[in-house]
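> Just dropping this structure here.
All of the numbers you see were taken from the coordinates with simple rules; none came from a lab. Since the model is a prediction, treat every value here as computed from it, not as a measurement. All Cβ positions, glycine included, derive from the backbone under ideal geometry; neighbour counts span all protein chains shown.
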Amino acid sequence: MAKVLAIGDVHTKIWLIDKITNVIKDYDKVIFCGDYADDFSASPQNTISTWKALKNLQAKNQGKVELVMGNHDYIYVHDTPSFQTGYNPTTHILIDIPENKDLKEWLISLPVIIKIDDVSYSHAGITNEWSGSEDVIGLWNNSSPIWARPNSNTTYKNIPQVFGHTPSKTCHEVKHNVWCIDTFSTFPDGSSFGDGSVLEITNGNKFSKTYLK
């Protein structure tokens, strides 16, 4: 049984990592729910720096910090059939240079789903419509755990789960014990979409919205 802190989409907001560093001692696990790359005004170097900072945070906190793959990360390390909004070809060039070999290998290794205390964490949620395949065909579509969104075409599995991907005003339940927590995303002008809340999960059965100081 663990006390877990789950954080929604980072999108190059590297200051979030500093805030997590300040509270990491209070948790057994810290989960980042994908999409560390890209933002409306972010440079390719912003993305590389964010990936490096998260990799270092995980290395310094072995067994405590976990990260799942987001669609904005996946596209830079896999041969996807299409590009999404925000894709930057220069970022793709940078992640492929020799000095970033270890960083790319780390990105490729990120899991699609992490399960702790019977709660599943992914970038976009686990749906009934998803095939279960984690190859490019299985993941690069609107029913997968890196692309699904809460709409009339999506039925989330009836399991406790936490995800980001869809910008939200605050951490909220899509259905009972199914939480969407993408509260750090912004509008194109840089203004905040959400309230910056994060989610505490205690022993797999208590879900509490909180805020980073």
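> For a quick size check, give me the Cα extents of segment 106-173 along its three principal axes, largest first, whole Å.
Largest to smallest, the principal-axis extents are 30, 27, 22 Å.
> For the chain, modelled as a GNM with alpha-carbon contacts under 10 angstrom, which of Ile126, Ile93, Ile146 fluctuates the most?
For the chain, modelled as a Gaussian network with Cα springs under 10 Å, the answer is Ile93.
> Moving to a separate point now. Listing Phe32, Phe207, Phe83, Phe193 from the residue with the fewest other Cβ atoms within 10 Å to the one with the most, what is the order?
Ranked by crowding around the Cβ, least crowded first: Phe83, Phe193, Phe207, Phe32.
> Please compute, for the alpha-carbon atoms of the chain, the extent along each of the three principal axes and give them in descending order in Å.
44, 39, 34
> Hey, fewest Cβ within 10 Å first, where do Ser122, Ser191 land in order?
Fewest to most other Cβ atoms nearby, the residues stand as Ser191, Ser122.
> Separate question: How far apart, in nm, are the 7 Å Cα→Cβ label points at Asn158 and Asn100?
For the pair Asn158/Asn100, the computed spacing is 4.4 nm.
> Another question about this same structure. Would you pull out the residues with amide H under 5 Å of Ile181's amide H, same chain only if 5 or more places away, H placed 1.01 Å from N?
Correct list: Phe163, Gly164.
> If you don't mind, another one. Magnitude of the Cβ-charge dipole of segment 3-211, K/R +1 and D/E -1, about the Cα centre, nearest 20 debye?
540 debye
> OK, next. Relative contact order (percent) for segment 3-211, with alpha-carbon contacts under 8 angstrom and 6 or more residues of separation?
Result for segment 3-211 is 20 percent.
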